[in-house]
1. Answer with yes or no whether ARG175 is open to solvent by less than 30 Å² (accessible area, probe 1.4 Å), at pLDDT 95 or above and in contact with a Lys or Arg (Cβ under 6 Å, 6 or more places away or on another chain).
2. Return the pair list, or none, for Cβ contacts closer than 7 Å from residues in the range 68-96 that are of a type in the set (Phe, Trp, Tyr) to residues that are near ligand 1 (Cβ under 6 Å from one of its atoms), at least 6 apart or on different chains.
3. Those residues that are within 9 Å of ligand 1 (Cβ to nearest atom) and in contact with a strand residue (DSSP E or B) (Cβ under 9 Å, 6 or more places away or on another chain), I need them from the range 15-45; list them, please.
4. Determine, yes or no, whether CYS204 is under 30 Å from PHE383 (Cβ atoms), in contact (Cβ under 8 Å) with a residue 60 or more places away in the chain, within 14 Å of ligand 1 (Cβ to nearest atom) and out of contact with any Leu (no Cβ under 6 Å at 6 or more places or on another chain).
5. Any residue in the range 269-294 that's on the phi < 0 side of the Ramachandran plot and open to solvent by less than 40 Å² (accessible area, probe 1.4 Å): show its pairings with residues that are within 16 Å of ligand 1 (Cβ to nearest atom) and among the acidic types (Asp, Glu) at Cβ separation under 7 Å, as long as the two are six or more apart or on different chains.
6. Restricting to the range 171-190, what's the tally of residues that are in a loop (DSSP other than H, G, I, E, B) and either within 16 Å of ligand 2 (Cβ to nearest atom) or over 16 Å from THR7 (Cα atoms) (or both)?
7. Return the residues of the range 409-431 that are open to solvent by 30 Å² or more (accessible area, probe 1.4 Å) and either more than 20 Å from THR371 (Cα to Cα) or charged (D, E, K, R) (or both); say none if nothing qualifies.
Amino acid sequence: MSDVLLTHGYFLFDDEKEMQIMRPYPTLGLLYISAFLRRGGFDVEIFDSTFARRQQLFDRLALSRGVIGIYTNLMTRRPVLDIVAAAKRHGWTTVLGGPESANYPVEYLRAGADVIVVGEGESTMAELLPALAARGPQRLHGVAGTVFRDDSGAVVTNPERTKIADLDSIPWPDRGRIDQARYVDVWRDKHGMGSVNMITARGCPYKCNWCSHAVFGYTHRRRSHVDSAAELQHIMEAYRPDQVWYADDVFTISHPWLFGYAQELKRRNLRVPFETISRADRMMKDGVLETLAEMGCHRIWIGSESGSQRILDGMQRGVKVDQVLWATHAAKRHGIQVGMFLMWGYPGEQIEDIAATVDLVRKCQPDIHLTTVAYPIKNTGFFDKAAGAIVADKPWAEATDRDYRIQGRHSRAYYKQADSWLNNEVEAARIEQRDPAQAALRRAAALRARQSMAAVAAETEA
Ligand code: B12
Ligand code: SF4
């Protein structure tokens, strides 16, 4: 029997939307923990639920008992609770980690979990597993980075665990223990390019106030150029993807690091197409874009969020609208596709702010733009700001942080109209020269959406 069974609550085949998009990646956190524990002599089993059915996991749980470690994020609350319940029925000790359980330790303990690991899981798990074996789940006093319930049922929060100072000291994610090739194949079948994810840093020091910092806090730690490039080389040799995705929070956060990494890749004759995400203000140099292009960057995602400076400032985004405009044009000039992430419905947003966003995206003409209606994640500045107006329509166990309703905010239908306004306006500008008649139709559709929103806004204010 293994010392720990690691799994997560994401089942691709239950996710209709993702079945259309089909851009699955394995959860790196679990793979990091597996590699770290195995290096320390622990026996680790991974049940990667992505391509599995829930019943398969439940069948596995029925076969033996031991310690199960489950990754949590805000989308997987219900499946995680179901896994915890099934595991408990079969006599397992349940340990949860990741951002969601860090935000709701008491709720998860109440729902049957035995231990919540807050923060990085590697060293905590290495200390926790022997402690569980020796003392059981109710006597974990002193195991830093954990929350548990003692014999009397009282919740005990141990001190924080010190973060790993040298990220090069931990082994690379244990991709060999899952069916990594299947992820690459799925990507290749659907998008013509097999893809593998990796990270070169942990944590982000910026304070955008809707963003969850539950795991890494506001720290920022980087791996060395050499260690990152060596992992990339290994990925290419082992899985032969056509691209990688650097899942860093802000890939171009440190320009000296970026330039050094590019040099290291060149030295190894390694030019791998990739996509990644950044902030416009960390792209404000032609040298950065030029380097990204030379390294193989074919698409950069920019968290643009809003075209209204007032809203950006309210979000504590720390970026100027003009920087977004500059960065998108500069990326395109260097042959890099641009994806823009946008957010509707941040508190205080008026129709003029939406107009500013439409105007910005029209001018930027990104290759892709994606919108979300802002939702308050627990323990973020946005959550605290909106706290008095947040309403939970469903019980905690049946909902996610995405289901919180903010009183006084417009309906989903309203933001669907915002999408229609945006998409039609951006498309009209794109085809203007080539097809003026079609552009006029698009513009008329944009106007209709805008007018229907204005009518709703006027009604709400009246
Ligand atoms: C890559 C990524 C994605 C990818 C996921 C692909 C994948 N499987 O990796 C995609 C684009 C699909 C995605 C989607 C979403 N994401 Co996302 N994503 C990330 C991102 C940028 C990196 C994840 C990563 O690889 N981290 C690196 C590893 C090393 O860190 P880690 O996973 O946290 O693991 C460590 C600890 O958490 C802990 N740990 C992890 N698992 C376990 C398990 C046990 C048992 C233990 C003890 C410890 C433990 O130890 C690990 C190692 O130290 C994070 C931000 C971040 N920097 O982490 C956001 C993040 C996880 N995503 C977030 C969100 C909100 C989403 C979406 C809901 C967005 C949306 N609106 O649709 C969706 C949800 C998708 C879904 N259905 O589950 C939030 C989660 C917030 C929350 N409270 O849950 C984060 C934190 C971003 C943020 N800062 O707000 N995401
Ligand atoms: S949104 Fe991006 S830049 Fe802002 S705090 Fe989160 S990870 Fe950092």
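1. Answer is no for this residue.
2. Listed by first residue and then by second, the contacts come to TYR71/THR27; TYR71/GLY29; TYR71/LEU30; TYR71/GLY97; TYR71/GLY98.
3. The answer is ARG23, TYR25, PRO26, THR27, LEU28, GLY29, LEU30, LEU31, ILE33.
4. no
5. If the second residue must be within 16 Å of ligand 1 (Cβ to nearest atom) and among the acidic types (Asp, Glu), the pairs left are THR276/ASP248.
6. Of the residues in that region, 2 qualify.
7. ARG409, ARG412, LYS416, ASP419, GLU425, GLU427, ARG430
For (1) assigned to a helix (DSSP H, G or I); (2) polar (S, T, N, Q); (3) out of contact with any helix residue (DSSP H, G or I) (no Cβ under 8 Å at 6 or more places or on another chain), each residue gets a yes or a no:
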residue	(1), (2), (3)
GLY303	no, no, yes
GLN316	no, yes, no
GLN323	yes, yes, no
VAL338	no, no, no
GLU352	yes, no, yes
THR357	yes, yes, no
VAL361	yes, no, no
LEU370	no, no, yes
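The values are calculated or read from the model by the stated rules, or taken from the named source; none is laboratory data. Here the structure is a predicted model, which is why all the values come from computation and not from measurement. Cβ sites come from the backbone with ideal geometry, for glycine too, and all protein chains shown count toward neighbours. Just so you know, the surface numbers come from the protein's heavy atoms only, side chains and all, with ligands and any DNA or RNA stripped out. Shrake-Rupley method; radii C 1.70, N 1.55, O 1.52, S 1.80 Å.
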